[in-house]
Amino acid sequence: MKKRIWVLDTETKGTGAQMVPLEKVLEDPSSPAAPLFVPPKRTPRPEPAPEPKAPRRFKLVDVMTRAVLAEDAEGPALMDALAGVRSVVDVHISVWDPGDERWRLLSFGEQKAIWALRDR
């Protein structure tokens, strides 16, 4: 009589493992190996080109009279309007904020920086 070698088959579903002859596992596996699928590497999407930024628009208001000296002025036009102003404290300079859709008053430091550009 030929001795059989028994092994623990863990491929069963739900009921747990069971003891089967070694020949059955080697000759007739209960779950055939499925072909391995490896997806191809993704090609990266090209990033959209950033939209060109619109030039900043400025508003210049006289502090004493509240008269608007320049509105929707770009850089060179703002410098021309500042040429007739005596001091940086005589005007308020605002910049258009497209995100909030409103004029934002520049800080005094920002106004002084623009004033320094005027003297160039």
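The values are calculated or read from the model by the stated rules, or taken from the named source; none is laboratory data. As the structure is a prediction and not an experimental result, all values here were calculated from the model. Cβ coordinates were reconstructed from backbone atoms using ideal geometry, including for glycine residues, and neighbour counts include every protein chain displayed. Just the protein is used for accessible areas: all its heavy atoms, side chains included, with ligands, DNA and RNA removed. Shrake-Rupley method; radii C 1.70, N 1.55, O 1.52, S 1.80 Å.
In table form, for the structure just shown:
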{"item": "Candidates 95, 68, 20: whichever shows maximal mean-square fluctuation once the chain is modelled as a Gaussian network with Cα springs under 10 Å", "result": "20"}
{"item": "Average accessible area per residue (Å²) across the chain - probe 1.4 Å, nucleic acids and ligands excluded", "result": "86"}
{"item": "Between helix 108-118 and the chain: long-axis angle, C-alpha atoms, 0 to 90°, nearest 10", "result": "70"}
{"item": "With every protein chain in place, the chain: carbon and sulfur % of accessible area (1.4 Å)", "result": "57"}
{"item": "Cα-based Rg and Dmax for the chain, where Dmax is the largest Cα-Cα distance (Å)", "result": "39.4, 118"}
{"item": "Lysines whose Cα lies under 30 Å from that of residue 53, excluding same-chain neighbours fewer than 8 positions away", "result": "112"}
{"item": "Qualifying lysines (Cα of each under 25 Å from Cα of residue 3; at least 8 residues distant if same chain)", "result": "24"}
{"item": "Residues residue 118 and residue 97, FRET efficiency given R0 of 22 Å [Cβ-Cβ distance, rounded to 0.05]", "result": "0.50"}
